[in-house]
1. Report the relative contact order of the chain, percent, no decimals, based on alpha-carbon pairs under 8 angstrom and at least 6 residues apart.
2. What accessible area per residue, rounded to a whole number of Å², is obtained for segment 7-85 using a probe radius of 1.4 Å?
3. Residue farthest toward the positive end of the dipole of the chain, with Cβ of Lys/Arg at +1 and Asp/Glu at -1: which of 78, 7, 53?
4. In debye, nearest 20, what is the charge dipole magnitude of the chain about its Cα centre with +1 on Lys and Arg Cβ and -1 on Asp and Glu Cβ, if you could check?
5. Counting only helical runs of four or more DSSP H residues, what would the 222 nm mean residue ellipticity of the chain come to if each run contributes -39,500 (n - 2.57) and the total is spread over all its residues?
6. Could you point to the label whose value was computed as Rg and Dmax of the Cα atoms in Å for the structure here, given (1) 11.1, 31; (2) 15.3, 48; (3) 12.5, 37?
7. Which helices, taking whole DSSP H runs in the chain, have alpha carbons extending 30 angstrom or more along the helix axis plus mean Kyte-Doolittle at least -1.0?
Amino acid sequence: QCRVTLNVLSQVRRELALAPAQAEAERERLVALLGHDGSRNDLSRELAKTIRGGGMALDDPALLEHLRLSLVEALRINNPKWLGE
């Protein structure tokens, strides 16, 4: 139980330290992808709707890079060991 608690506390510490900058970086990528400003949540929903509607190809290099970076950012918080950095 102690080990689990330490892992959770480490994750919370990483979340507090990294999440604000990661959220802004994600928002900036979404602005670049969609071509207009907005909140991260609104832009993320719009991107999902655009993809579902066929307005953006799943193999679009900019989309793939956005998804890759978003995954890396999430792993830096949730389980940085998986990155092998």
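1. Working: 40 pairs, mean separation 25.9, N = 85.
About 30 percent, as a whole number.
2. Numbers: 5440 Å² over 79 residues.
It amounts to 69 Å² per residue over segment 7-85.
3. After comparing all options, I get 7.
4. Working: 12 positive and 12 negative charges, 93 e Å.
Once rounded to the nearest 20, the dipole reads 440 debye.
5. Numbers: 3 runs with 64 residues, N = 85.
Mean residue ellipticity at 222 nm (helix-derived): -26000 deg cm²/dmol.
6. Only one listed value fits the structure, namely (2).
7. On the way: long enough: 2-34 (45 Å, 0.20).
Length and hydropathy pass: 2-34.
The values are calculated or read from the model by the stated rules, or taken from the named source; none is laboratory data. From a predicted model like this one, the values you see are computed outputs, not experimental measurements. Ideal geometry is used to build each Cβ from the backbone, glycine not excepted, and the neighbour counts take in all protein chains shown. Quick note on the areas: whole protein, heavy atoms, side chains included, nothing else; ligands and nucleic acids left out. Shrake-Rupley method; radii C 1.70, N 1.55, O 1.52, S 1.80 Å.
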